[in-house]
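Step one of this worksheet: look at the structure below.
The values are calculated or read from the model by the stated rules, or taken from the named source; none is laboratory data. Given the structure is predicted, the values throughout are model-derived calculations rather than measurements. All Cβ positions, even for glycine, are placed from backbone atoms using ideal geometry, and neighbour counts span all protein chains on display.
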Amino acid sequence: MIKLITAGESHGKGLTTIVTGFPANLEISRDYINEQLQRRQAGYGRGLRMKIETDQVEIISGIRHGKTLGSPISMIIWNKDWENWKESMSAEPVDKKIDKVTIPRPGHADLVGVTKYNFDDIRNSIERSSARETAARVAGCSIARKFLSEFGIHIGSFVESIGGIYSKENIAEKFLLNKLSHNYSAEKLNKLSDKSSVRVLDKNQEEKIIRKIKLTKKRGDTLGGTFYVIVTGLPPGIGSFVEYNTRLEAELSLAIMSIQAVKGVEIGLGFKSAELFGSEVHDEIILKGETFSRKTNRAGGIEGGISTGLPLIIRAAMKPIATLMSPIQSIDLSKMKTIEARRERSDFVAVPACAVIAESMAAWTIAKLFLQKFGGDSIEEVKDNYSNYMKKYFSRIKKNFAI
Ligand code: EPS
């Protein structure tokens, strides 16, 4: 079973990631991980922090001469901003008086954090709940992403809407109708969406979205949006119906819902399927050479908690960032009086970054379930297990059902 642990405060010295359970001999480079970190930092609408940081990992253990050892992999991303927070975030007590944060921002973890942990400074809630933590996740999940790519499994994403402005060119429709070639790789999707500063596939809408973000910034407000994560190259048989917590869609939803500010996750047609007839929702089964396929993929690549072998189609919604430069009402906890919420440096829009984080979390989830099925101590052993299954599953069914 693979495990991912992240540690680190937003303005602490750095973020630590520990990844365990991956097989030995998987080729992985620092550059590969850093490329994903850069993708997470990008996007029009980010705040000043992203100008300070150039997130890069320092690999501490578990990788030798570019290959995994099978031992725990540990990595650190040093926070450049730490220089400005040394006293405020010192692990040791400091002599200087540190101003406490006393006014919670509605929508952030500020108030619930102090309530739960009995803190006397909202700073203690802000630090760990911050989406800065996702840099450590993306670093760790890059191992999963690289691992899956060895099996031709690729994860891509694109932004569908920001602030209610929807991309008209929505490739998700083609995935839902199973209209793209069997060989279409989600890598290709990322090449297209990464070109756009808001990761949309529609040039006209991109301009409209950027205009709306500019206006939002001026108003001191923030925006959310929706995005898709697509996984291609997945074999049939990942995940299971035998236990509630082994179901692929349950695992994926948990992983994506765990991302700060995500408020909704759909698989395939999702909520839309509740409005339609069964015949308009379910995907007819067809034979395609020595395998099964479907006329459509409205199930989003999952039936009964198990992958069908068609692309996974995941859609998620991110709420607007909670920190507002024109704040809404809150309470000053030091005076117990109504006041405007505290301003804190932040992003105006982070939907493009959120999609990259969701890709990473999807990669992690799939790698976990993939290794549960095909696991081995070395990448060679996993490849043997995988190719054996892929070669035989169809002929086994044929044999089982032969009259
Ligand atoms: C983030 C770092 C944070 C925020 C943002 C994401 O840095 P700072 O708080 O120093 O500006 O920009 O986090 C939030 C929006 C949030 O609400 O926590 C990052 O590295 O992604």
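The table below gives the values:
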quantity	calculated
Of residues in the range 379-403 being closer than 25 Å to A144 by Cα and hydroxyl-bearing (S, T, Y), the one surrounded by the fewest Cβ atoms within 10 Å (Cβ to Cβ)	S387
Selected residue (only one of A362, A353 is away from the ligand (no atom under 12 Å from the Cβ), outside any loop (DSSP other than H, G, I, E, B) and not β-branched (V, I, T))	A362
Pick from the range 145-197, criterion closer than 30 Å to R219 by Cβ and of a type in the set (D, E), ranking: modelled with the lowest pLDDT	E169
Qualifying positions in the range 43-79 - within 11 Å of the ligand (Cβ to nearest atom), among the aliphatic types (A, V, I, L, M) and within 19 Å of S360 (Cβ to Cβ)	M50, I77
In the range 302-343, the residues that are within 16 Å of the ligand (Cβ to nearest atom), in a loop (DSSP other than H, G, I, E, B) and of a type outside the set (S, T, Y)	K319, P320, I321, A322, L324, M325, P327, I328, A341, R342, R343
Restricting the range 365-378 to residues that are surrounded by fewer than 22 Cβ atoms within 10 Å (Cβ to Cβ) and polar (S, T, N, Q), the residue that is nearest to the ligand (Cβ to nearest atom)	Q372
Residue count for the range 65-124, restricted to those that are among the hydroxyl-bearing types (S, T, Y), closer than 27 Å to A341 by Cβ and part of a loop (DSSP other than H, G, I, E, B)	3
Members of the range 110-124 found to be touching a Gly at 6+ places or on another chain (Cβ under 8 Å) and either crowded, with 23+ Cβ neighbours inside 10 Å or in contact (Cβ under 8 Å) with a residue 24 or more places away in the chain (or both), listed by number	I122
Candidates E187, E280 - the one that is of a type outside the set (V, I, T), under 20 Å from Q36 (Cα atoms), away from the ligand (no atom under 16 Å from the Cβ) and surrounded by fewer than 21 Cβ atoms within 10 Å (Cβ to Cβ)	E187
Residue within the range 15-27 that is away from the ligand (no atom under 15 Å from the Cβ), charged (D, E, K, R), under 27 Å from D384 (Cβ atoms) and touching an Asp or Glu at 6+ places or on another chain (Cβ under 9 Å) present	yes
Any hit, the range 223-231, residues being closer than 22 Å to I153 by Cβ and assigned to a helix (DSSP H, G or I)	no
Those residues of the range 92-109 which are more than 11 Å from the ligand (Cβ to nearest atom), without any contact (Cβ under 8 Å) to a residue 24 or more places away in the chain and farther than 21 Å from I52 by Cβ, in sequence order	E92, P93, V94, D95, K96, K97
